[in-house]
Amino acid sequence: MGIADEQIRVSKTVKRKIEQNRREGESYNDVLERLLAEENAGDFYDGFGRWSDEEADRVRERRQQAKEKRKRRMRERAEDAS
C-alpha cells in the first residue's frame, strides 16, 4: 500500500465499524474498497441467466402443472360446496 493521497473525516462510530470489519493486514482503505465491492456484488440481476434452457423449461412446466392442479382443486371444492 502507498502513502495516503487524501484524508477524510469520519465519526467515531464509522471508524469503529470499519475496525470491526477490518481483516488482518488490511488498511482502512482496503476495508472500504472490499466493503464497497461487496455492496455492489449483490445486484438484483446477477442471478438471471444461470439456469440452462432445459432447467428453466422444467421449472416453467412444473409451475404450470401446479397452477392447473390448484385450479382443479378449487373447482372440485366449489362443486362439493354446491
Inset, instruction - At 0.36 nm per residue, minus the direct Cα-Cα distance, what do Arg75 and Glu33 gain on full extension? Give it in nm, one decimal, please. - result: 9.4 nm
Legend entry - Cut-off 13 Å between beta-carbons: net charge of the residues surrounding Arg22, Lys and Arg +1, Asp and Glu -1: 0
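None of the figures in this text is laboratory data; all of them are computed from the coordinates on show. All values reported here derive from a predicted model rather than from experimental measurement. A quick note on method: Cβ atoms are made from the backbone with ideal geometry, for glycine too, and the neighbour counts reach across all protein chains shown.
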